[in-house]
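In what follows, a structure is listed as structure tokens, so that the remarks can point back to it.
Since every read-out is calculated from the coordinates, none of them should be taken as a lab result. Bear in mind that the values here come from a model prediction, so they are computed numbers and not experimental data. All Cβ positions, even for glycine, are placed from backbone atoms using ideal geometry, and neighbour counts span all protein chains on display.
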């Protein structure tokens with residue numbers, strides 16, 4: 001499926017460029033396409049280069065935690081749940097601890113920490129995979145959860161809204177939480193159905209607990225003054241992260257583990273992984289860059305607006321469509337679309353708020369797919385793409401619903 005999508009991106013970009021040239025008379029469109037391919041190839045390398053230091057840091061810290069016994073303890077704590085979600089992973093396997101750390105980092109919006117932890121988990125799951133080129137059930141479930149992950153503290157979105165003049169930059173917090181929660185539930189439900197995961201009392205209890213935590217945090221932050229919300233969320237995230245590092249180091253001292261050597265061993269793995277993913281990032285980001293430069297996104301948006309108007313629907317939500325279309329393809333592209341929407345329509349407009357909610361509703365499916373599966377050499381992804389896109393669709397639908405629910409009267 002990934003092969004077909006990748007080819008489809010290129011062919012769609014070329015077809016859209018031909019349309020722009022023949023119908024709209026855009027003489028420079030082919031040059032723009034080639035420039036986009038070169039620029040995105042360079043950007044892919046720069047992203048991998050930037051990840052090298054971050055991955056070396058966090059895989060080094062994870063190695064300390066692993067040797068100090070923290071990941072084993074986490075695995076034992078979550079073993080009743082993971083035994084049902086990942087039946088192919090033995091109890092106590094290091095992958096389960098890495099999965100837990102990755103999910104915790106995603107919940108807190110700590111992308112720099114979540115990515116290396118997620119890659120580490122994918123590598124450990126690959127050790128159990130009998131077919132090294134085909135994604136296993138456990139790898140698919142883990143990837144879809146990542147691609148649709150709940151983010152409790154979307155501080156970056158708050159920051160952009162503040163910079164662009166929003167009266168209350170955090171007023172989209174509860175809508176974002178609603179959208180990203182729906183995204184994760186949809187992605188999980190799809191994979192659970194494909195893998196025939198039985199929703200017994202343990203899984204339902206964990207789902208209820210997560211729902212309670214999400215709801216509790218939503219209420220806590222909703223009752224904070226607007227000016228305190230972003231600083232408080234940032235403070236909590238950083239304190240938890242520093243507390244985790246301190247706990248690993250103290251545990252290493254107690255267990256008489258050589259923390260420095262453990263860090264170096266983990267950091268070496270981070271460097272090697274960053275180099276491994278470069279070809280996969282180049283392949284995906286070049287295709288996405290050409291698709292964007294071809295004008296295909298603009299054509300799709302205009303067609304959607306005309307279709308909605310034809311049936312007498314409210315076309316305001318279409319202004320959020322550029323961010324929706326870009327989000328599964330490129331995180332930086334979706335962020336640019338969100339900023340552009342707020343600049344054009346205003347940060348406190350319906351369109352500006354909708355774009356912000358969409359940006360926080362899901363992860364970047366194809367980037368996650370390229371990085372995580374690329375790190376372990378997976379070529380046949382089975383239904384992982386479908387799971388990620390279903391989660392995206394659910395997140396976007398919930399984002400539109402939440403935007404109308406909270407801000408629908410704002411023109």
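Data for the structure
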item	result
For the chain: relative contact order, % (alpha-carbon pairs under 8 angstrom, 6 or more apart)	30 percent
Calculated P(r) of the stretch 134-190 - Cα pairs past 12 Å, %	69 percent
Largest-first principal axis extents of the Cα set of the stretch 118-255 (Å)	53, 43, 32
The chain: angle of helix 29-67 to the longest principal axis, Cα-based, in degrees nearest 10	20 degrees
Residue with peak Gaussian network fluctuation, the chain [Cα springs, cutoff 10 Å], from 202, 144, 400	202
Estimated distance in nm for a label pair at residue 77 and residue 246, the labels positioned 7 Å out from Cα along Cα-to-Cβ	1.7 nm
Three semi-axes of the equivalent ellipsoid, the chain, Cα gyration tensor, whole Å, largest first	35, 26, 21
Nearest-ten-degree value, helix 201-222 long axis tilted from longest Cα axis of the chain	60 degrees
Candidates 367, 220, 160, ranked by Gaussian network fluctuation over the chain, Cα under 10 Å, top entry	220
Ellipticity estimate at 222 nm from DSSP helix runs (n ≥ 4, -39,500 (n - 2.57)) divided over the chain, nearest 500	-26000 deg cm²/dmol
Inter-label distance for residue 224 and residue 23, nm, one decimal - labels placed 7 Å from Cα along Cα-to-Cβ	4.8 nm
Highest-fluctuation residue, 376, 254, 286 considered, GNM on the chain with Cα pairs under 10 Å	254
Whole-angstrom gap from the stretch 133-202 to the stretch 5-71, using each part's C-alpha centre	22 Å
Burial ranking of peptide ranges 386-396, 312-322 (average Cβ count within 10 Å, highest at the top)	386-396, 312-322
Sites residue 404 and residue 260, calculated FRET efficiency, Cβ-Cβ separation with R0 56 Å, nearest 0.05	0.55
Distance in nm between pseudo-label sites at residue 304 and residue 38 (7 Å out along the Cβ direction from Cα)	3.2 nm
Mean-position separation - Cα centroids, the stretch 314-371 and the stretch 268-313, in angstrom	12 Å
Relative exposure of 23, 253, judged by other C-beta atoms within 10 Å (fewest first)	23, 253
Degrees separating the helix 173-195 axis from the principal Cα axis of the chain, which is the longest one	70 degrees
